[in-house]
Every structure is written in structure tokens, then in C-alpha cells.
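The values are calculated or read from the model by the stated rules, or taken from the named source; none is laboratory data. Bear in mind the structure is a predicted one, so any value in this text is a computation, not a measurement. Here the Cβ positions follow ideal geometry from the backbone for every residue, glycine too, while neighbour counts run over all protein chains shown.
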Amino acid sequence: MRKEDTVKLISAEGFEFVVDKRAAMVSQTIRNMLTSPGSFAETQLGEVTFPEISTTILEKICQYFHWSLQYASDKGRYKKLISSLQRAGTVP
Amino acid sequence: MSNPQKKKNFQIEAFKHKVVVDPKYADKTWKILEHAIHEIYNHNASGLSFEELYRNAYNMVLHKFGEKLYTGLVSTMTAHLKEISKSIEDAQGGLFLEELNRKWNDHNKALQMIRDILMYMDRTFIPSTRKTPVHELGLILWRDNVIYSSKIRSRLLDTLLELVLRERTGEVINRGLMRNIIKMLMDLGTSVYQEEFEQQFLEVSAEFYKGESQKFIECSDCGDYLKKAERRLNEEMDRVTHYLDAKSEAKITNVVEKEMIANHMPTLVHMENSGLVKMLLDDKYEDLGRMYSLFRRVPNGLLTIREVMTSHIREIGKQLVTDPERLKDPVEFVQRLLDEKDKYDSIINLAFNNDKTFQNALNSSFEYFINLNTRSPEFISLFVDDKLRKGLKGVSEEDVEVILDKVMMLFRYLQEKDVFEKYYKQHLAKRLLSGKTVSDDAERSLIVKLKTECGYQFTSKLEGMFTDMKTSQDTMQGFYASHPELGEGPTLTVQVLTTGSWPTQPSVTCNLPAEMSALCEKFRAYYLGTHTGRRLSWQTNMGTADIKATFGKGQKHELNVSTYQMCVLMLFNNSDRLSYKEIEQATEIPASDLKRCLQSLALVKGKNVLRKEPMSKDIGEDDAFFVNDKFASKFYKVKIGTVVAQKESEPEKQETRQRVEEDRKPQIEAAIVRIMKSRRVLDHNNIITEVTKQLQSRFLANPTEIKKRIESLIERDFLERDNVDRKLYRYLA
């Protein structure tokens, strides 16, 4: 994968998750962040820091991104993922 | 979303946000955001962390400080916009628009960045409190602080209008800049666009074009003016495409149309030497086409053109049909009518877009003036006669059809179609009997067209005439086949005419020479042998004869003469000199016919086979006639006095008209009876209307005549008057 296609998501503990840009854009907030006019720090460096999100949560989020891209049309697996997220103690 | 599982001492609780205890929390967070907004407006946004700002805005809203955030946003933005407004006001001259444009672009960019950061507030706090969303807020603040600022508002409008004026006078302006500024106004709202620009624009444009049209009218002719108007119109449409709101197109074109066209329509159309009439006369297709497409845009434009055209055509037509010079040659007359029709057909086709209403106007005008001259039916029939005799010689079949169709078209305009029928029958009879038609197919084709137009009744007699000709041919063959001994003597060709079909002529006396009368009797016997119960009478005024003559110096000629002339000439076989009285007694031909016959034999140069003493022009009772031994002609065959269809002389015309009137009476009566039979009771005015309508396809019925017919029917007990209401009539079975 080329550098331009990826974005780095950094958790509170400093863990770096390098994900596909398309995956990250599943989140509207991140999408706005990356496509906003004006030169915010994020777009320049290509990395977003989340000082209030822990690593485990961020990891699940990234998994969700990829899952969403792949299985957006398939409802069956959705329930499985929701229950797995609930077990991890996150807020949907 | 929580899923409490009662398992040992393991409990799962819903996620709770950290409770904020810091009272200054809101202020601190707001300061961060305020600072960020400043930086954004000062083009210093790089280095800011989106995530941090987003989180801060999110937290403020979450902890119920959304109101503080919002009001803070409003005041910060307003402050910035006031600064911006000042810098725009300070811009000099031409840089004003550019500065405005630049600042607007900056503002938009900043607005978007701010909106992105404050997205959470936009999505949650604002809908629930029904405040204006961030983007819209940004536009409204811009409008109120920049556009509505007293120093900018009018300057903006003036600058825009001045640029438009400059472009109209031929200068090149910065269209891209104009487009951006106008787009800005449009983005701020349709009402802003209209109030801050469009309304004034339209007013100023109206003034401009009022003045311009005045100037042009005074110094251009009609064609030029129309060109200029068209150009201006196109220019305005171009202007709209390039930098105005599409919705303005209809409005500005209306203005131009009104000022340049609608207000000056009468002047243009009636302009001396270049107006509509002149264009029509000169076939100026391009100018006419332009006038048509321009006038179509304004109310009553086409109506104006149509009215002037109609009155012009009627004028010209009237002149044509009442000009005594023209009336001398009927064929020329009709040809001129056809030429005029062709001319206007092509004008309507090429310049007026084949507009049906114009076609109708043309048709009604032609109908009007053709019927002004009562001899039109006769002339049209003569035209056809001329064409069928010689005019169509060598013309291809399609061209023949074209000419006949044109004749039919003129025929349709006639109101007195029965007069035409009468003349046509006469002319056709003469053509058939003298064998002078150029093409049998053309004749039949025309009959078919008449049948399609007027129905079977109209043409049944005409077709009867053709049938008679054919039957006669067969009869002659049969006659000679059964009488082989007659092969030696004079050859007889008989046309047997059914009385009803052919135009009636009163039969006159005429003594045929002995050889001929014997032959004729043999034929009569033959014919009546096969057709019992019929009666034959010889029509000596319609026949022709070919006789071989030897003159004094031995020159031989074959003479083609009428039957009367043949009778006269044959008398000279038995004597050298005959007086008028003797000829009259021997032949028993009526005096007027005989005189005419002798005139053509003796007094026409080059055809004078007889000599008359004295050599006067008139025929006197005691004049003497001799064979002209000095008769000379270049040709072997000499034709004397053919029976050609002439324009009728006055008394003949009166006679024909009278006959037509007579024929109309029974037709009117039949129509009245038909109507009364179905309606039973009807009042006077209604009868007149109905009868006129029914007879319309043949002729225009005269109300006085209809009244007379009603009276006559009452006398004959077909109708009766109502006892109470004198205007009511009742049908008597």
C-alpha cells in the first residue's frame, strides 16, 4: 500500500494503527478531518492522534472499519460483531 | 446497550463520561476555540490539530455549554467580518470587486473549516434548539456585515451596473470576476440577488434600450433595425449564460423585446420604403424571417404582421382583378393569380416557418378578391382550356399534375362553383368535338380531382361526355363494318351525344348537300336499328368538314371548314355565282350564323376562298359571291374559322349567367325541402342560414332568392306559414 492511501491512527498510549484511508473514512468525523480545506496538522502529517481513546478501543474501531467496508451489505455478521464489541465494554 | 450478566462479582456498567468539576472549564475550552477561529481567519490554520478542536467543541456541547459556544461563534465571526468589511471599503476604484471577491473566497474557506470543527454542535445542539446551522449562519453574517454595510451596498450595485453598461457599449470586461460576484449574491439567497442586483439591472436595462431603440429607429431602415435588435437580444442571452442567474434570462429578454420591438411595432411595419410591404414585394426572405422570429416573441407581434400582409394581398389582388387591361387576356390573368400565390407560398414557407395562421390568412385573402370579379370562374375555365389544348404539350407527367393541382387550388377559392361547372362543360364539349385536347390523361386527371373536391354529382355529366366519345368511336366502326359499300364515298364520323350530359344548344335548321344527307340517313337507320326508342337530331352548328377543292389556276387545297361553311361551298359546285338570298334559301341556315360564316369565307385575308361583290365589310341582302379563283396559300391544308372557345361577348355572358340562375332555383328548392323535412318547423332566419350552409360548396345563395323560393313552395303546398307567428314555416307532408 502506498503512503498516500494510508492514514495513521494513534491511541492514547501511543500505539500507531496504520489503516487504509477508505477504512478510516467510514467515520464521518475522520472524513471531515481529512478533507477539510485549510491546512490542519492532521492532513499535513497524515496522522490523527486520539489522546482520549485507549488502544483496545481503537483496535476494535479499526476492525469495525474494515468489517464495515467488507460486509456492509450483510446483516448476519452484524449481530456477531455487536456482541463482541459489547463484551469489550465499549459504547456502540 | 448494557448487557448485565449475573456472573460472580463481575458487573458491567454503561460507559460514563468523566464528570467535569472545573468551573472555568467552559471558559478555558472556549478560549481554545476562539483562538483557533482567529487563526483560521488570519490564514494561520496550519499546525492546528483538528482532533483537539473537534474534541473541545464536542465536550462543550456534551457538558451543556452549547449556548456559550454558539454565541461565542457569532460574536467572533461578526468581529472578523467587520474588519473585512473595512478593508473592502478601503479598496480603490477597480480593485473594489477584486477585493470583495477575494475576501469572499477566504470567508467561505474559513467557514467550512469552522463548520467541520463544530460538526457535533451542528448535528445535535442546533437542531434541538432550532438555531441557524453554522454554514447558513456564516452566509447571513456575511450578508449583514459586508453586503448590507452602508458603504459597500450601493457601491457594489453601481460598480456592477457600470460594468454591464461598459460591456454593452463594446468594452471587454472581466467576466470571470462578474460571475463570481453574482454567484456570491445568488449563494446569499434569491431575494438578495434580486434586491441587490436584478431589480435595478432590469430597470437600468429598460432605460438603456428605450434610448437605444429611439436612436436606431431614427437612423436605420426596417431591415437594419431588426438586425440590430436581434443582435442586442443575442447579446443579452449571452450575458446571462456567462455571468447571470439563468432565471434572469426570461426577464431581461422580456425587457429587450418590450423596448426594442413591442414599442415600435407599428412604426417598423409601416416604415416607408423598407417596411413589411416593401419586403413582401421584394421577396426579402431573410429580413422577413428575422421579423417573424422577433415579432413572435411579443404579444400581438405576429398578429400585426398578419394583418398588414392580409390587407396588402387583398389590395394587390383587388387591383389585379379589376384592372381592365388584365381582363383582356384570361389566360394571362389566371397565370398572374397563380404567380402571386406561388410568391406568397414561398414567402410563408421560407420566411414565416410555414405558419398555419399565415396560410389561412393568405387563403382568405385570395378567396376575397377572386370572388370580387364575377368572371373569375369563366377565366379559370378558359385557363384550363388553354392548357389542355396546347399549353401542356411536351410537359412531363409530374409537371402536368403540379399545374392541375394549382388550378384546383384556385377552384377552391371560388364561391360560384356552379358557374365554373357550366363554363367548363362548354369548353370541354368544344375541345372533345374538335379533337383538340393535348392529353387525354390530363383531362381525366382533372376530372378526378374535381370529383374528389366536389363529389360525384359535379362530374357525372363530364364523365358522361367522355363515355359518349368512346361509344361513338365504337359505333362508327360498327357502322362501316356493316356497310362495306360506303368505303368509296365521303367519310362520315358521327359523335352521338347524350342530351343530358352535353351543354344544350337549340337545334337549328340546315340543309345538308344531297350526298351528305343520304349518308346521314343511312347512319340514322343503322343506329336506330340497334337502339330502339331513341331519337337523333343532327347538331349542324357543331360539326366540321374536310373538303378537297380545285381552284381556277388548278391549285388544289384541302379545306377544313365548319358544317355550315361546307354547305355553302358545296352550292358552288352547281353554280358560279350566288347571291346572299339564294344561299340563305338553299341552306336554310339562320341569318346571323350565315352572315358570320360568309364573313369568314370571303373577308378573312389568306382564307378568302370566296369573293364578294361589293367588297364591303358587311353582308348585305343583295351581295353576290363567287369562288375566288385567285386563292393562294402556302399550305395544302387550309383551316378556316375553327370553333375556338372565346371569352364570351356581353350578350352571351348575360345568357350564361341567366341559365346559371335558372339552374340554381331547383337546387335551392331541393335544399329547402330537405331541411324542412327533417326539422318540421323552422323560422325564417334559420332556414336562410341552413340553406346557405348546405349550398356553400356550390355557390353563394342569395337570401332574397331563397325567400322567393320559399314563397313558391308555399304556393305549391310544400310548406305553410304558421297562423300565429308569421315568421315560422311548417313542412306539409
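Here are the numbers for the structure shown:
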| quantity | calculated |
| --- | --- |
| Of the criteria (1) more than 18 Å from B:Arg726 (Cα to Cα); (2) not in a helix (DSSP H, G or I), which one B:Lys677 fails | (2) |
| Residue that is in contact with a strand residue (DSSP E or B) (Cβ under 8 Å, 6 or more places away or on another chain), among the β-branched types (Val, Ile, Thr) and surrounded by 15 or more Cβ atoms within 10 Å (Cβ to Cβ), where the choices are B:Thr563, B:Thr540 | B:Thr563 |
| Long-range neighbours under 6 Å by Cβ, at least six apart or interchain, first residue closer than 13 Å to B:Phe625 by Cα within region B:571-599, second of a type in the set (Gly, Ala, Ser) | B:Leu571/B:Ala586; B:Arg577/B:Ala624; B:Ser579/B:Ala624 |
| Selected residue (criterion: farthest from the other protein chains (Cβ to nearest Cβ)) from residues of region B:119-157 that are among the charged types (D, E, K, R) and not in a helix (DSSP H, G or I) | B:Arg130 |
| In region B:430-473, the residues that are aliphatic (A, V, I, L, M) and exposed (fewer than 15 other Cβ atoms within 10 Å of the Cβ) | B:Val448 |
| Residues that are within 10 Å of chain B (Cβ to nearest Cβ) and either touching a Gly at 6+ places or on another chain (Cβ under 7 Å) or not in a loop (DSSP other than H, G, I, E, B) (or both), drawn from region A:17-44 | A:Gln28, A:Thr29, A:Ile30, A:Arg31, A:Asn32, A:Met33, A:Leu34, A:Thr35, A:Ala41, A:Glu42, A:Thr43, A:Gln44 |
| Subset of region B:696-733 [surrounded by 12 or more Cβ atoms within 10 Å (Cβ to Cβ), part of a loop (DSSP other than H, G, I, E, B) and either among the basic types (Lys, Arg) or out of contact with any helix residue (DSSP H, G or I) (no Cβ under 7 Å at 6 or more places or on another chain) (or both)] | B:Gln696, B:Arg698, B:Leu700, B:Asn702, B:Asp722, B:Lys727, B:Leu732 |
| Checking B:Lys612 against (1) surrounded by fewer than 18 Cβ atoms within 10 Å (Cβ to Cβ); (2) within 24 Å of B:Asn560 (Cβ to Cβ); (3) at pLDDT 80 or above, the condition it does not meet | (1) |
| In region A:55-74, residue modelled with the lowest pLDDT [restricted to those that are within 25 Å of A:Ala12 (Cβ to Cβ) and polar (S, T, N, Q)] | A:Ser68 |
| 2 or more residues without any contact (Cβ under 8 Å) to a residue 24 or more places away in the chain and within 14 Å of chain A (Cβ to nearest Cβ): qualifying helices (runs of 4 or more DSSP H) within region B:21-117 | B:50-62, B:95-117 |
| Among the residues listed as A:Glu52, A:Glu13, the single one being assigned to a loop (DSSP other than H, G, I, E, B), away from every other protein chain (no Cβ under 13 Å) and within 22 Å of B:Leu48 (Cα to Cα) | A:Glu13 |
| Matching entry among B:Pro490, B:Pro513 (being in contact (Cβ under 8 Å) with a residue 24 or more places away in the chain, exposed (fewer than 14 other Cβ atoms within 10 Å of the Cβ) and under 26 Å from B:Phe631 (Cα atoms)) | B:Pro490 |
| Selection within region B:395-448 - part of a helix (DSSP H, G or I) and of a type in the set (Val, Ile, Thr) | B:Val400, B:Val402, B:Ile403, B:Val407, B:Val419, B:Ile447, B:Val448 |
| Residue match in region B:583-591 (condition: hydrophobic (A, V, I, L, M, F, W, C), assigned to a loop (DSSP other than H, G, I, E, B), buried (at least 17 other Cβ atoms within 10 Å of the Cβ) and at pLDDT below 85) | yes |
